[in-house]
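Worksheet for the structure shown next.
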Amino acid sequence: MNRSLQQQLQQWYQQWQQEDAQHSDRLQRWRNIEPESAALLALWVRSKCAQQVLEIGTSNGYSTIWLADAVRTTGGHVTSIELEAARTALAAQHLLQVGLAAQVSLHTTDAAEFLSQAQADYDVVLLDAERSFYVGYWPDLRRLLTGKTGALLVVDNVLSHAEQVADFIALVQADANMCSHTIHSGAGLFCVTVA
């Protein structure tokens with residue numbers, strides 16, 4: 001990542017953290033992934049030479065930019081889905097501002113609906129959405145993982161909101177065909193791939 005993009009992301013992250021602090025309602029916050037977790041995710045995308053990346057939960061595009069910059073080096077593409085149209089539009093604006101719009105397809109849609117129709121083309125999937133739906137997403141996420149050799153699922157906020165993802169993690173860990181590990185980076189990353 002070049003220095004100007006690093007500086008822009010740092011400036012935005014600080015700005016959005018300050019905005020988040022002003023909202024008591026969690027749903028009004030941006031809830032961006034922590035920079036250290038975003039950097040690790042981008043590293044994995046580069047190391048896997050990922051061609052197709054799926055992000056579930058675009059928000060304002062902070063993590064999307066990290067992913068887009070990574071696939072720019074691999075020749076890949078990011079598909080990012082978000083339920084709120086206003087957030088999708090803001091993410092599109094930010095991607096355009098940093099010259100990464102061509103690397104990303106943004107979709108305003110329900111994650112469950114999208115996943116039910118998704119093909120197993122993704123090398124890396126970032127799940128950073130409403131945690132209460134994760135158990136319901138699992139059958140389709142599992143299908144994506146088993147359908148693409150070496151596919152990796154990364155779930156954010158598994159340490160900061162451990163109680164909210166406990167059922168999902170237990171479901172994944174009970175699957176003998178899956179290999180998983182929690183990484184202590186940022187709010188916690190739960191990584192899953194086929195065993």
Check: What accessible area per residue, rounded to a whole number of Å², is obtained for the chain using a probe radius of 1.4 Å?
Finding: 47 Å²
Check: Just the Cα atoms of region 60-172, one point each, no solvent: what log10 I(q)/I(0) does Debye give at q = 0.15 Å⁻¹?
Finding: -0.70
Notebook entry, point to check: Working from the pairwise distances between different alpha carbons, so that the mean of 1/r is found and then inverted, what is region 124-165's Kirkwood radius in Å?
Noted result: 11.0 Å
Notebook entry, point to check: Using r as the Cβ-Cβ distance of Ser47 and Ala162, and R0 as 22 Å, what FRET efficiency do you calculate, to the nearest 0.05?
Noted result: 0.20
Checklist line | Principal semi-axes in Å for the chain [√(5λ), Cα gyration tensor, largest first] | finding: 24, 19, 16
Check: Which sequence of Glu82, Glu36, Glu130 reflects their accessible areas, 1.4 Å probe, from the largest down?
Finding: Glu36, Glu130, Glu82
Notebook entry, point to check: Looking at the chain, do any whole DSSP H helices span at least 24 angstrom along their long axis by alpha carbon and average 1.6 or above on Kyte-Doolittle, and which?
Noted result: none
Margin query: Can you list residues from other chains, or at least 5 along the same chain, whose modelled amide H is less than 5 Å from the amide H of Val125?
Written below: Leu54, Leu152, Leu153, Val154
Margin query: Could you compute Rg(Cα) / (2.2 N^0.38 Å) for region 1-89, with N its residue count?
Written below: 1.10
Margin query: Let's see if you can work this out: charge +1 on each Lys and Arg Cβ, -1 on each Asp and Glu Cβ, no other charges. What is the dipole magnitude of region 81-129 about its Cα centre, in debye to the nearest 20?
Written below: 200 debye
Next item on the list: Would you mind telling me the share, in percent, of accessible area of the chain contributed by carbon and sulfur at probe 1.4 angstrom?
Entry: 50 percent
Checklist line | Relative packing of 9-20, 103-114, 133-144, 151-162, which averages over residues the other C-beta atoms within 10 Å, highest first | finding: 151-162, 133-144, 103-114, 9-20
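The values are calculated or read from the model by the stated rules, or taken from the named source; none is laboratory data. Everything numeric here is computed off the predicted structure, so don't read it as measured data. Methodologically, a virtual Cβ is constructed for each residue, glycine included, from the backbone with ideal geometry; neighbour enumeration extends over all protein chains shown. Quick note on the areas: whole protein, heavy atoms, side chains included, nothing else; ligands and nucleic acids left out. Shrake-Rupley method; radii C 1.70, N 1.55, O 1.52, S 1.80 Å.
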